[in-house]
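Undergrad: Structure below; questions to follow.
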Amino acid sequence: MAVIDLSTRDLHVLNPLAAELWLQLHEAPTELAAIAAIWAERYGIAPQTALADARACVETWAAAGWIGTDSLGRVFIDRAEKPPLAASVTGATRPAAELSRRRLDLPGAAVDLGFGVTAASPGPSLMDRAAGLFYGIPERPPEDPRHAADVALVLDGERHLVGENACWTVFDDQQAALGALIRAVYRAAYPDDPAFVMLHAAALVAPGSHDLTVFPGISGAGKSTLTAFLVARGWGYATDDFIALTRPVAGRGPVLLPMPNAVSIKQGSLALLEPLYPNLPALPPVTYGGKTGRFLPIDRAAHVASPLPVGRLVFPRYVPGASPRLDPLPKGAALLGLVEASFSAESEDGPDGFDPLFDWLERTATFSLVYDDLEEARRCLQALTDTPASAR
C-alpha cells in the first residue's frame with residue numbers, strides 16, 4: 001500500500017501490518033489497544049509487542065501530521081488539508097548579505113549561483129554542504145555575455161532563504177532549504193524541460209552505451225564510491241546525490257537532466273579511491289548529517305553533455321566478503337528501494353502526479369547488485385549494459 005503526502009508530495013510505502021492499521025484508522029477513530037488485541041490473536045504475538053508496534057506507527061504518522069485524536073482518546077487518520085510543510089514564507093525581502101557567486105556552465109543554460117551569510121547568522125552549517133555539492137560544476141567565464149538565471153542561498157540567523165530570480169522563500173528546515181535550492185537550479189538550468197520527479201541517486205553511462213544507469217542512494221550502500229570508481233574506469237558522469245527526470249511528452253519518454261555536481265566521498269572510501277584520485281585526501285572535509293565527506297569534482301571530459309533516457313535502475317549494496325551478484329529486482333521491491341533512497345514528485349496534480357513515475361518504473365529494467373570488490377561490480381554492470389534488453 002502506498003500513501004501520498006500532498007503537503008510534501010512524498011510517497012510512502014506501507015508494509016502489510018501498517019497498511020492494515022492505516023485502513024482501520026482511516027475508517028473510524030479506534031483505540032490502539034483494540035487493534036493490538038486483534039493483532040495479538042491473529043498473528044500469535046504478545047499483546048504488549050503488538051501495542052508497541054501500533055504505537056510506533058502512529059507516532060511516526062503523527063510527526064508527519066497525519067493523525068488526529070478525538071475526545072475519547074481514540075486516534076484516526078486526519079484527512080484535513082494541510083499547508084505545504086517546506087516553505088514558511090514566500091515573497092520575503094532580499095536578505096542583507098554579500099553574495100559569493102559562481103556562474104555554473106550547465107548543459108541546459110548558465111546559472112548564477114550565489115551563497116551568503118548575514119551578520120546575524122551563527123555559522124555556515126548548510127552552506128558548506130550546498131557549496132560543496134555544486135563545486136564540481138564547471139564555471140563560465142565572467143565575461144560571458146549570455147543571460148544567466150539567478151539562484152541564491154542565504155543563511156540568516158536560524159533561517160535559510162532561497163532566492164530564484166529575485167523571489168525569496170524562507171525555510172526553517174535545512175533539508176527543505178537544500179531541496180528547494182536544488183530544484184531552483186534545475187528550473188534555471190532547464191527552463192523548457194521541467195522535472196516531474198526528483199530522486200536521491202547517481203546516474204552514469206557505460207562505455208559504448210547510449211542510455212543511463214541510475215543507482216538510487218540508499219544509505220550505506222556505497223553509491224558514491226561506486227560512482228567515482230566507474231568514472232575513473234571510463235563511464236560518463238551525469239550526476240550524483242540528486243537527479244531530475246522530465247515529464248514524458250509526445251514522442252519522447254522521460255529523460256534525465258545532467259547535473260555534474262561533485263561526488264561526496266566518505267572517510268572510509270579514501271584509501272580505495274586515492275590511487276585513482278591522488279588529490280582526494282587534500283580536499284577539505286565537510287561535515288553534515290552526522291557524516292563527513294570530501295566533495296570530489298569530476299573532470300569535465302567525463303560529463304554527460306545532454307539529457308538521456310534511463311536504461312536501468314540498479315540498487316547497489318556493499319557487503320564485505322560477498323561474491324558479486326546482479327539479479328533482476330521485482331517492481332514492488334524497486335519502489336520500496338526508491339522510497340528508502342528518498343524521492344518526491346514535482347507535480348501539483350495531487351496523487352495523479354505520481355502516475356508518470358509509476359509508468360516509468362514499470363517500463364524500466366530494475367536490478368539489485370551485491371558486491372564487495374569494485375572491479376568485480378564494474379564487470380557485472382558492464383556486462384549488463386552490453387546485453388540487449390530482449391536477451392535478459
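The values are calculated or read from the model by the stated rules, or taken from the named source; none is laboratory data. Since the model is a prediction, treat every value here as computed from it, not as a measurement. Glycine also receives a Cβ, built like all others from the backbone with ideal geometry; neighbour counts cover every protein chain displayed. In case anyone asks, the SASA skips ligands and DNA or RNA and just uses the protein heavy atoms, side chains included. Shrake-Rupley method; radii C 1.70, N 1.55, O 1.52, S 1.80 Å.
Undergrad: What number of residues in the stretch 296-306 are open to solvent by 40 Å² or more (accessible area, probe 1.4 Å) and either hydrophobic (A, V, I, L, M, F, W, C) or touching a Ser or Thr at 6+ places or on another chain (Cβ under 7 Å) (or both)?
TA: 2
Undergrad: Can you tell me which residue among L257, L313 is under 17 Å from G222 (Cα atoms) and either in contact with a strand residue (DSSP E or B) (Cβ under 8 Å, 6 or more places away or on another chain) or open to solvent by less than 20 Å² (accessible area, probe 1.4 Å) (or both)?
TA: L313
Undergrad: Yes or no: A262 open to solvent by less than 10 Å² (accessible area, probe 1.4 Å) and more than 30 Å from T93 (Cα to Cα)?
TA: Criteria met by A262.
Undergrad: Return yes or no: is L161 buried (at least 21 other Cβ atoms within 10 Å of the Cβ), in contact (Cβ under 8 Å) with a residue 40 or more places away in the chain and closer than 22 Å to L256 by Cα?
TA: no
Let's see how each residue does on (1) modelled with pLDDT of 95 or more; (2) of a type in the set (D, E):
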| position | (1), (2) |
| --- | --- |
| I182 | no, no |
| D192 | no, yes |
| A195 | no, no |
| F215 | yes, no |
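Undergrad: Name the one entry in A52, A28 that is of a type in the set (A, V, I, L, M), surrounded by fewer than 17 Cβ atoms within 10 Å (Cβ to Cβ), modelled with pLDDT of 90 or more and closer than 22 Å to V3 by Cβ.
TA: After applying the criteria, what remains is A52.
Undergrad: Do you know which residues across the stretch 271-285 are in a helix (DSSP H, G or I), touching a residue at least 40 places away in the same chain (Cβ under 8 Å) and either open to solvent by 20 Å² or more (accessible area, probe 1.4 Å) or in contact with a His (Cβ under 8 Å, 6 or more places away or on another chain) (or both)?
TA: Scanning the stretch 271-285 gives a single hit, L272.
Undergrad: Anything in the stretch 247-270 that is small (G, A, S) and assigned to a loop (DSSP other than H, G, I, E, B)? List them, or say none.
TA: Matches in the stretch 247-270: A250, G251, G253, A262.
Undergrad: Condition first: loosely packed, with under 13 Cβ neighbours inside 10 Å, of a type in the set (A, V, I, L, M) and either assigned to a loop (DSSP other than H, G, I, E, B) or modelled with pLDDT of 95 or more (or both). Can you find one or more residues in the stretch 374-382 that meet it?
TA: no
Undergrad: Given (1) crowded, with 22+ Cβ neighbours inside 10 Å; (2) over 30 Å from Q382 (Cβ atoms), identify the lone condition not met by A203.
TA: All conditions are met except number (2).
Undergrad: Checking F242 against (1) more than 16 Å from the chain's Cα centre (by Cα); (2) aromatic (F, W, Y); (3) surrounded by 21 or more Cβ atoms within 10 Å (Cβ to Cβ), which test does it fail?
TA: Against the list (1) more than 16 Å from the chain's Cα centre (by Cα); (2) aromatic (F, W, Y); (3) surrounded by 21 or more Cβ atoms within 10 Å (Cβ to Cβ), F242 comes up short only on (1).
Undergrad: Okay, next question. In the stretch 115-137, which residues are under 22 Å from the mean Cα position of the chain (by Cα) and not aliphatic (A, V, I, L, M)?
TA: If the condition is that a residue be under 22 Å from the mean Cα position of the chain (by Cα) and not aliphatic (A, V, I, L, M), then F115, S125, D128, R129, G132, F134, Y135, G136 are the ones that fit.
Here's the yes/no breakdown for (1) β-branched (V, I, T); (2) modelled with pLDDT under 95:
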| residue | (1), (2) |
| --- | --- |
| D240 | no, yes |
| L270 | no, yes |
| Y277 | no, no |
| P307 | no, yes |
| V314 | yes, no |
